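Asks: Below you'll find the structure I mean.
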Amino acid sequence: MAAYLIDTNVVIYYFNGLTQDETLHDVITTSFNISIITKIEFLGWGQFLADESLYFKAKEFISYANVFELNEEIAEQTIALRQRFKTKTPDAIIAATALINGLAVVTNNSDDFNRLGVKNFSVNMQ
């Protein structure tokens, strides 16, 4: 199976049980890779403020992910993507992380990543 980088929206949908996509389940169980920005966005999600136990479940869930930290190479690629495509910083960091590490992004926003030249596939969200 190919290696994937899971976008924040997919992590949120999956964690909340909002998808029945069996392919996504297989990807998460075999290639649960995320960018540090996804960890920040996911755990910073406002819903967790109102439910501390849900937040701790989210922290446990995300602890199973392989988190790609920012490094100089990813930062430089992010800068180049932002300059060229004027994309949002979180998407540029995720795209740069995928490009540098040879990963395909699993997302619900294929158009955003297609225009950045990032191999990706969209999952079926409900």
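No value in this document is a laboratory result; all are computed from the given coordinates. Not measured: the values here are computed from a predicted model. Cβ coordinates were reconstructed from backbone atoms using ideal geometry, including for glycine residues, and neighbour counts include every protein chain displayed.
Asks: What is the helix-to-structure angle for 89-101, meaning the angle in degrees between its Cα long axis and the longest Cα principal axis of the chain, kept from 0 to 90 and rounded to the nearest 10?
Replies: Relative to the chain, helix 89-101 is tipped by roughly 80 degrees.
Asks: Note down the net charge around Ile28, summing +1 for each Lys or Arg and -1 for each Asp or Glu among other residues with Cβ under 13 Å from its Cβ.
Replies: Taking every Cβ under 13 Å from that of Ile28, the sum is -4.
Asks: Let's test this: bin the Cα-Cα distances of the stretch 4-122 at 10 Å from zero up to the farthest pair and state each bin's percent.
Replies: Calculated over all Cα pairs of the stretch 4-122, the distribution is 14, 47, 31, 8, 0 percent.
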